[in-house]
Amino acid sequence: MMNRARGFTLIELLLAISILAIIAVLGWRGLDSIVRSRETLTAGMDQTRGLQLAFAQMQSDCENLADNALLRNRAFLQAEDNRITLVRLVMAENQPTRMQVVSYRVRDGVLTRRESLATRELTQLDSLWQAALGDTDSSMAAVALQSGVQGMAMRFWMPDAGAANAVSAANAGGWRPATGISTAVTAGSANVPTGLEVSLTQQGQEVPMVKSFLLGAL
């Protein structure tokens with residue numbers, strides 16, 4: 001009698017296919033999870049990098065901040081929720097030092113920076129300052145620094161007033177909310193802020209990125 005070669009039964013084939021299918025599904029889910037995690041991580045790194053570049057630009061502006069002695073006691077910095085307006089020095093090679101108004105705004109989830117034309121005339125600077133505060137200067141082209149920004153909050157570092165009998169919080173040094181604090185004061189006054197803290201909150205995150213800047217470091 002001839003012996004027939006024994007092969008796989010239908011049940012064995014179905015069982016092998018089922019096992020392979022389960023392994024394939026598990027492998028696909030693992031790969032999909034890795035790809036999604038990588039995309040999320042990349043997006044987060046892009047946002048962080050964008051905010052770091054925005055902070056670097058703010059630091060440059062704060063280092064070149066014009067003081068109220070040069071501005072003859074005019075305001076050189078105003079900060080409130082979601083907006084910063086400042087006057088910075090423009091120092092170009094073989095050109096006289098000039099001044100320009102710079103504005104940071106958070107609007108519709110986008111952090112933008114605008115700068116005016118540079119000038120040496122204080123009367124023209126006054127017009128540029130008021131136009132920046134009122135968002136009426138169409139000549140100030142906006143540059144988008146970062147999208148996905150939920151909000152921006154600021155605080156000023158106020159030096160100790162130095163009064164011997166000072167007991168009020170207004171005379172104490174430290175971080176204070178920037179809203180309502182004017183920099184249009186007498187030159188050399190202890191009430192002039194010497195530092196700026198900016199907190200930027202990204203959409204979908206509770207913890208903001210915080211950066212502190214020394215005002216007029218140069």
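Structure summary
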read-out	value
Whether the stretch 49-214 is rounded, prolate or oblate, judged on the alpha carbon gyration tensor where a/c under 1.5 counts as rounded	oblate
FRET efficiency, residue 203 to residue 53 (Cβ-Cβ, R0 22 Å, nearest 0.05)	0.80
Gain in span if fully extended, residue 138 to residue 95, counting 0.36 nm per residue against the direct Cα distance	12.9 nm
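Coordinate-derived values only; no laboratory data. Everything numeric in this text was worked out from a predicted model, so none of it was measured. Positions of Cβ are backbone-derived with ideal geometry, glycine not excepted, and every protein chain shown enters the neighbour counts.
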